[in-house]
Amino acid sequence: MEIEMKIKGLVVDPISKMPIVVLEDLNSERILPIWIGVFEANAIALKIEDISTPRPMTHDLVKNFLDKLNISVEKIVVNDVRDNTFYALIYCRYNDQVITIDSRPSDAIALSLRVEAPIFVEEDVGKKAHS
């Protein structure tokens with residue numbers, strides 16, 4: 001089962017100094033922290049803060065490609081975690097065909113913000129991440 005989540009915020013791990021995107025369950029207090037790279041955190045922060053850049057950043061470029069090719073992003077799903085590494089899928093629609101694309105969660109989240117696609121997490125991922 002997939003749980004819809006939203007971005008609660010971005011924080012920095014005080015020990016590793018790495019950024020963390022914090023997802024929050026829309027229907028409860030459950031949160032899911034995902035450690036991400038600095039560049040992806042910046043891409044997420046720019047969109048959260050609604051800061052425009054003079055030229056397209058990588059995730060804006062991907063959005064532009066999708067728009068030009070008439071491909072819509074229906075949702076992103078954080079679908080697995082193995083050895084503390086999270087995995088995600090981007091669900092796209094081209095004509096009447098659903099296409100899934102493997103992605104790092106950070107890139108999928110950055111893209112979802114740009115295309116206004118919902119973010120989901122497989123229920124098992126939350127359980128595995130907290131065990």
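The values are calculated or read from the model by the stated rules, or taken from the named source; none is laboratory data. None of the values given here were measured: they were computed from a predicted structure. Reconstructed Cβ throughout: ideal geometry from the backbone, glycine too, with neighbour counts over all protein chains shown. Calculation scope for accessible area: heavy atoms of the full protein, side chains included, ligands and nucleic acids excluded. Shrake-Rupley method; radii C 1.70, N 1.55, O 1.52, S 1.80 Å.
Kindly report the accessible area of the stretch 70-113 per residue (heavy atoms of protein chains, probe 1.4 Å, no ligands, DNA or RNA), in Å².
Details: 2350 Å² over 44 residues.
I get 53 Å² per residue for the stretch 70-113.
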Self-check item: Neighbourhood net charge (12 Å Cβ-Cβ; Lys/Arg +1, Asp/Glu -1) for residue 129
Solution: -1
Quiz item: For the chain, what is the percent of antiparallel DSSP beta bridges, rounded to the nearest 5?
Solution: 90 percent
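When the convex hull of the C-alpha atoms of the chain is computed, what volume per residue in Å³ does it have? Don't skip to the end; give the middle numbers.
Values: hull volume 14.9 nm³, N = 131.
In the chain, the Cα convex hull volume per residue is 113 Å³.
How much length would be gained if the chain were fully extended between residue 116 and residue 96, taking 0.36 nm per residue of separation minus their Cα-Cα distance, in nm to one decimal?
5.2 nm
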Quiz prompt | Point-to-point label distance, residue 24-residue 70, nm (Cα→Cβ direction, 7 Å offset) | solution = 3.9 nm
